[in-house]
């Protein structure tokens, strides 16, 4: 658990804003990605890898749409060999 808390503290790109489907803007919160991934698997290694890679990909944005976040997480899961988990994630986020 300490590893997850430590990684959580370092995985927040500063200045990143999320635009939801209605067009409202909110500050990025990587804990939402973490919570979503822990709902899919209890393996902290998988959660950490996918979360780290997803946040690194999003760090290049100033404003990112929620659909882009969903697509990035699904693509990352697939690229790491977790295709079934990616499909489950997409079903939960429709």
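The values are calculated or read from the model by the stated rules, or taken from the named source; none is laboratory data. The structure presented is a predicted model; accordingly, all values stated were derived computationally and were not measured. With ideal geometry, Cβ positions are generated from the backbone for all residues, glycine too; neighbour counts draw on all protein chains shown.
Give the residues of the stretch 41-63 that are surrounded by 14 or more Cβ atoms within 10 Å (Cβ to Cβ), farther than 12 Å from residue 30 by Cβ and in contact with a strand residue (DSSP E or B) (Cβ under 9 Å, 6 or more places away or on another chain), sorted by residue number. 61 - this is the single residue of the stretch 41-63 that is surrounded by 14 or more Cβ atoms within 10 Å (Cβ to Cβ), farther than 12 Å from residue 30 by Cβ and in contact with a strand residue (DSSP E or B) (Cβ under 9 Å, 6 or more places away or on another chain). A single member of 81, 23, 60 is assigned to a loop (DSSP other than H, G, I, E, B) and modelled with pLDDT of 95 or more, and it is 81. Taking the criterion of being surrounded by fewer than 16 Cβ atoms within 10 Å (Cβ to Cβ) and under 22 Å from residue 16 (Cα atoms), the residues of the stretch 66-94 that qualify are 66, 67, 68, 71, 75, 93.
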